[in-house]
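Scroll down for the structure; my scribbles are underneath it.
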Amino acid sequence: MRLLGFAAAACCMAQQWEPLFDGKSTAGWHTQLKDRFPSEAWAIEDGALRCIGNAKTRPDLSTVRTFRNFELEFEWKIGKGVNSGVKYLVFGVRPNPAVGRIDPDVPKALGLEFQLLDGTEGDPSHSTGALYMYVAPSNMPPVPPNTWHKGKIVVRGSDVEHWINGVKVMSADLQSEAVRAAVEAQKRNDVPKVAHLDELKADAKKAYPIVLTHHGGDAWFRNMRVRVLR
């Protein structure tokens, strides 16, 4: 009986999937620098969080909770020609390109990005499924616009994976020489630096928000759920 009791307790301690968005309310979401839901740029539509493409201001949308090792599953849809993304291990905010500085009213996330793009910018590391700017995807399934697709992000220590429609399209070790070199080669001030990778290595328990980006096009996110990995 004791063994059975212990096994049941161990089972109950396993990490469970938890919803990040309930399909109905804005609970659990805000901008990074202010505790408010940016209804001028985001809305709830048919059970999904909608990025309003023609909004006058374009703040990113952040989880209130923070995460370090996790699996995130979500469904997304983007309009034709739209650029969007899901950022994770978000270290803070970056300059808002519209004003050239950090804007507390329209914060833009500084973090690693699961790129979502209809079409291509020519550089494979900028295409859908990429670890944006650093690692290109492979084995990509079709991802036509205006169609719902399934995405998954897995973070275990320094290892990250991107999945699309059940296919693993990108995996990388953030502390590998290749990734560190790719990060160091970028001179832009709106992307993660090697110092951020050093931060991840130095503090394996520090947790970070997950952010939906607003790049000016129509995008939808639904059925978002997460489970913590230990």
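The values are calculated or read from the model by the stated rules, or taken from the named source; none is laboratory data. Quick caveat, the model's predicted, so the values are computed rather than measured. Virtual Cβ from ideal backbone geometry, glycine too; neighbours counted across all protein chains shown.
Answer yes or no as to whether F91 is touching a helix residue (DSSP H, G or I) at 6+ places or on another chain (Cβ under 6 Å), in a strand (DSSP E or B) and at pLDDT 95 or above. Answer is yes for this residue. In the stretch 103-131, the qualifying residues are those that are surrounded by fewer than 23 Cβ atoms within 10 Å (Cβ to Cβ) and of a type in the set (S, T, Y), and the one that is farthest from the chain's Cα centre (by Cα) is T120.
The stretch 1-79 holds strands (runs of 3 or more DSSP E) entirely within its bounds, and those carrying 3 or more residues that are at pLDDT 95 or above and under 21 Å from H149 (Cβ atoms) map to 42-45, 48-51, 70-78.
For the stretch 175-213, what are the residues that are in contact with a strand residue (DSSP E or B) (Cβ under 6 Å, 6 or more places away or on another chain) and of a type outside the set (V, I, T)? Lay out the reasoning, then the answer.
Let us first name the residues in the stretch 175-213 that are in contact with a strand residue (DSSP E or B) (Cβ under 6 Å, 6 or more places away or on another chain), namely 179, 190, 196, 207-213.
Hits for the stretch 175-213 are D190, H196, A207, Y208, P209, L212.
Answer yes or no as to whether N146 is touching a Gly at 6+ places or on another chain (Cβ under 8 Å), surrounded by fewer than 18 Cβ atoms within 10 Å (Cβ to Cβ) and at positive phi. In short, yes.
Tell me, please, whether a residue that is under 20 Å from A181 (Cβ atoms) and acidic (D, E) can be found in the stretch 95-107. Explain how you work it out, then say what you get.
Taking the stretch 95-107 and keeping what is under 20 Å from A181 (Cβ atoms), we get none.
No, the stretch 95-107 contains no residue that is under 20 Å from A181 (Cβ atoms) and acidic (D, E).
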